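None of the figures in this text is laboratory data; all of them are computed from the coordinates on show. All values derive from a computational prediction rather than experimental measurement. So basically every Cβ, Gly included, is an ideal-geometry build from the backbone, and we count neighbours across all protein chains shown.
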Amino acid sequence: IPYRQGIRIEKAITIDKPREEVYSFWRNLSNLPRFMKNLHRVTPLGDKQSHWTAFGPGGKLVEWDAEINHEEPNELIGWRSLTGSDVDSAGSVHFKPAPGGRGTEVYIELQYNPPGGALGATLAKLIGRDPGSEVEEDLRRLKQILETGEIATIAGQPTGKLDTVRREQARVRRLRPARDQVEVASEDSFPASDAPSWTASRGALVS
């Protein structure tokens with residue numbers, strides 16, 4: 001993905017489980033569709049590469065291949081779509097001990113560069129009007145699965161107060177790495193040959 005182009009999402013959540021357990025669950029990529037609503041299937045193609053299938057409008061499927069290009073056991077998983085894939089994307093997820101022994105803080109960064117034409121329209125629908133909210137809901141489902149073993153609906157529940165949201169946003173900024181791994185993957189993989197175009201969705205840490 002050309003550096004600082006496309007759609008960028010940052011979200012975080014605290015999960016009351018040991019870091020090793022949370023990391024292990026995520027690292028088994030076939031688990032991702034269990035909490036990522038728009039994913040249909042992730043099929044590992046070896047230790048680093050995988051094939052992703054997601055739901056598009058009208059039940060159509062969008063498919064692409066990705067690889068893990070940066071990994072630190074129990075701390076970090078970074079990935080990107082393979083060159084030539086129909087979907088340009090990169091991302092990383094960080095796992096850090098939560099303060100006070102409250103489990104694990106999970107911080108995720110995603111970047112998409114939607115293509116033009118029909119595929120671009122499909123991806124826009126897939127991501128949704130508010131991509132940050134989609135990812136936040138996915139993280140809540142991950143938390144529920146790991147903490148309770150099931151997913152409970154959150155429809156109709158009230159949102160937090162403004163001061164709480166601001167505190168959570170500050171925690172996301174604190175968790176953000178000094179050099180975002182998603183930007184490193186983008187710079188290393190795709191030359192920045194075009195003029196910058198950037199849409200960011202900054203997120204809050206929810207617990």
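Here are a few things to note about the model shown:
- Estimated vicinal HN-Hα couplings, Hz - segment 45-51 in sequence order (Karplus 6.51, -1.76, 1.60; Gly, Pro = x): 10, x, 6, 10, 9, 8, 10
- Residues 16, 88, 65 arranged by fewest to most Cβ contacts within 10 Å: 16, 65, 88
- Nonlocal amide H pairs with residue 98, under 5 Å, H built at 1.01 Å: 103, 104, 105
- Residue-span extension gain [residue 70 to residue 49] - 0.36 nm each, minus C-alpha spacing: 6.4 nm
- Between residue 21 and residue 34, full extension at 0.36 nm per residue minus the direct alpha carbon distance yields a gain of 3.1 nm.
- Three-way shape call for segment 32-95 based on the alpha-carbon gyration tensor, with the a/c threshold at 1.5: prolate
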